[in-house]
Amino acid sequence: MHNALVEILCCPVCRGSLRWHITEREGGWIQRAEATCSGGHAFEVRDGIADLLHPAHGSSDLWQTGSTALQGVLSQQPDVAARLLAPTPDGLCAADRFFRVFALEARGRMLEALSEEEPASIAVYGVELRRAFEEAAAFVQSSVTPQGVAVDLASGRGTLLRHLLDAPSRLLVATDISLTGLQSLRRRLAVMGDHPPVNLLVADAHRLPFADESIDTLTTWAGLPNIDWEAGQPADTLRELRRVTRGEFYNAQTFYPLDDLVHRHMFEASSLSAIMYETPLLNLMRQTGWAASIEMRQDAMAYPSPPSELFPDWQIDLVPVRETRVSVCVVVGR
Ligand SMILES: C[S@@+](CC[C@H](N)C(=O)[O-])C[C@H]1O[C@@H](n2cnc3c(N)ncnc32)[C@H](O)[C@@H]1O
């Protein structure tokens, strides 16, 4: 992480300031350090990645679980590995093309993985939905200020982040709750050509390690629908995002139609209604201190994840469970 980040980080538990003991630097970048607050909470930077997760978070890391499962199949089922890692993806079904991208990454074939990712995504999600995603990302890219501190929330594979690499004077921070996810993102960024370095920070969206009003631009792509809501209430989390942001929040996500009762019952059962529907989310943002509006919208048909032939028990996405006309939107909070 860059030295400049030290100024805006705080303890995610008590929000107190951190005392830093830096033991390894490379230029302006901290490779190894320890940080403690006056309340005795301790955090560390290892291999340049800062881990500022609430110590009570525990050790479940879905990226690590997925990666271990994939490695297990690749090492124990040579026939599946051979089909998945064949010289070309020809002959693989849509879902297996998608899983092949992860398998190529696991084998270090990063450039191939990167070049096959978009065709695999189109095969899985369809041209219309992918185009809507791209338009939303392009809207965010052209709207965000090129200066200041920009934090991307729940960065995952960096779908949105890669659109934010074009501004050298921006201090760009990728965050995710998964250290394994950020390590994989770093390998992906390394083959994305020339771009300014990205700060990688393990952080929980429900309890961020940033000082009040320290972020100029907060972004997320499919972050709100996918963060673990067992660990937090939407109103509390939106208030937490408001606390750290002095500038704008660009939230790119998919909304479902309210009259689709199948999905509505599913989202209600998992307490996701306030997040998956436009008006409830806008209302909740307004109640939690944001002036919120939808500034980009593109409707598209979303299809259930296609089945895999090589991994019959694996599914790419849990929703939609049936064809649904969704709205890909960018909600802007100020
Ligand atoms: C579907 S991905 C989001 C896509 C990503 N924004 C992109 O641009 O590619 C969801 C991510 O949320 C992360 N996540 C889940 N719970 C989280 C939390 N409480 N705080 C931060 N990240 C979280 C997961 O590790 C996962 O990487």
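Just so it is clear, none of the values below were taken in a lab; they were calculated from the coordinates. Since the structure is predicted, the reported quantities are computational estimates derived from the model, not experimental observations. Cβ sites come from the backbone with ideal geometry, for glycine too, and all protein chains shown count toward neighbours.
Rank the residues Asp313, Asp96 as a footprinting-exposure proxy: fewest other Cβ atoms within 10 Å of their Cβ go first.
On the way: Asp313 6, Asp96 23.
Least to most surrounded, the residues fall as Asp313, Asp96.
If you run the Gaussian network model on the chain, springs between alpha carbon atoms under 10 Å, then out of Asp61, Asp204, Asp51 the most flexible one is Asp61.
Projected label points at Thr36 and Gln64, each 7 Å from Cα along the beta carbon direction, are separated by 2.4 nanometres. Taking the helices alone, the chain has a mean residue ellipticity at 222 nm of -10500 deg cm²/dmol, built from -39,500 (n - 2.57) per DSSP H run of at least 4 residues and averaged over all its residues.
Among Leu52, Leu172, Leu92, the largest mean-square fluctuation in a Gaussian network model of the chain (Cα springs under 10 Å) belongs to Leu92. In this simple spin-label model, placing a label point 7 Å from the Cα along the Cα-to-Cβ direction at both Met301 and Gln76 gives a separation of 3.9 nm. Were the residues from His195 through Ala56 laid out at 0.36 nm apart, the gain over their Cα-Cα distance would be 46.5 nm.
Taking Pro320, Pro78, Pro280 in turn, the Gaussian network model of the chain (Cα-Cα springs below 10 Å) assigns the largest fluctuation to Pro78. Taking only the Cα atoms of segment 1-97, the radius of gyration and Dmax are 20.4, 59 Å. Using a 7 Å offset from Cα along Cα-Cβ at Arg83, what residues in segment 297-315 end up with backbone N under 18 Å from the label point? In segment 297-315, the label zone of Arg83 (backbone N under 18 Å from the point 7 Å along Cα→Cβ) covers 306-315.
Based on the mean of other beta carbon atoms within 10 Å per residue, what is the order of 219-228, 6-15, most packed first? Kindly include the intermediate steps, with their values, before the conclusion.
Details: 219-228: 21.2, 6-15: 17.8.
Final packing ranking: 219-228, 6-15.
Footprinting exposure proxy ranking of Asp90, Asp212, fewest other C-beta atoms within 10 angstrom first, gives Asp90, Asp212. Rounded to two decimals, the Cα-based Rg/Rh of segment 123-247, with Kirkwood Rh, is 0.95.
Extension gain for Ala211 to Ser115 (0.36 nm times residue separation, less C-alpha to C-alpha distance): 30.7 nm.
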